[in-house]
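Rule-based calculations on the coordinates, nothing more; no lab input. The structure presented is a predicted model; accordingly, all values stated were derived computationally and were not measured. With ideal geometry, Cβ positions are generated from the backbone for all residues, glycine too; neighbour counts draw on all protein chains shown.
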Amino acid sequence: MKLDLELLSRPFPPEKVKQREGRWGEVLDYVEVAPVISRLNEAFEGHWSFRIVWPRDPSFYLDHERDLKEVVVLGELSAAGERKQQFGRSSVTREKETGRVLSIGDDLKAAASDALKKCATLFGVALYLYEEEERPSRASKSQRDEILRLCKVAGLSNEDLKAGLKKLFGKSSLEELSQEEASEVVERLKKL
């Protein structure tokens, strides 16, 4: 089977791209694992596999869970005669009061999902989200919430908002706005 790089590297619809805060407070775009799996299924017609290469025996984590802060796995994605490996990680989730580990199994699944997504980027899936080129950051959740609050105060409907976004930026939803565009919308709404 030949690699369909065009299909693999096709950008995801804006509603599939989520945001989270990074370690340094920056807003990071990412795609959850389900759309990545769907893209792999589509591109390779289901003929791909993923496995955890390391640790071979996850009981290693059970023996050391008291001191663990995160779990790390090395995953391998095989498709179209190629293999790609990447590490994935997940913080260990603990009870707030006791500090007891809640589920090392769930933490390992999260690390495996992270490794799968990172392996998929080596095939081009969602790679554009990690490219170094300057691209506008998407509007944060707090910006989108502020726009909705200001619309409500101004008595504007969702249809009014959509029409305004279309007229100003050629966009049909808040999720498509950059941070700069969202700031402009907030300033305009404050003047109403």
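Observations on the model:
- Measuring nothing but how far apart in sequence close Cα pairs (under 8 Å, 6+ apart) lie, relative to its length, segment 46-191 scores a relative contact order of 18 percent.
- Computed lengthening from E187 to A34, 0.36 nm per intervening residue step minus Cα-Cα distance: 51.4 nm
- On Cα atoms only, tilt of 158-169 relative to the major axis of the chain in degrees: 90 degrees
- Per-residue extension of 0.36 nm, minus the Cα-Cα distance of E82 and L129, leaves a gain of 14.7 nm for this segment.
- Cross-link partners of K69 among lysines (Cα-Cα below 26 Å; sequence separation of 8 or more within a chain): K18, K96, K109, K117, K118
- Sequence-distant aspartates and glutamates (8 or more away, or on other chains) whose Cα lies within less than 15 Å of K191: E146
- Normalising by residue count, segment 141-190 has a Cα convex hull of 63 Å³ per residue.
- The region of the chain that goes longest without hitting one of the GluC sites (Glu not before Pro) in a DSSP loop, each with at most 14 other Cβ atoms within 10 Å, is 135-192.
- Computed from the C-alpha gyration tensor, the three semi-axes of the ellipsoid equivalent to segment 1-54 are 25, 16, 9 Å, from longest to shortest.
- Scaled against 2.2 N^0.38 Å for its residue count N, the alpha carbon radius of gyration of the chain is 1.28.
- Residues R100 and R51, FRET efficiency given R0 of 35 Å [Cβ-Cβ distance, rounded to 0.05]: 0.70
- Taking a sphere under 12 Å around the Cβ of L165 and counting the other residues whose Cβ falls inside, with K and R at +1 and D and E at -1, yields a net charge of 0.
- Scanning the chain for trypsin sites (Lys or Arg not before Pro) lying in DSSP loops with no more than 12 further Cβ atoms inside 10 Å, the longest uninterrupted stretch between such sites is 101-190.
- Within segment 101-121, backbone nitrogen closer than 18 Å to the virtual label 7 Å beyond the Cα of L68 toward Cβ: 101-116
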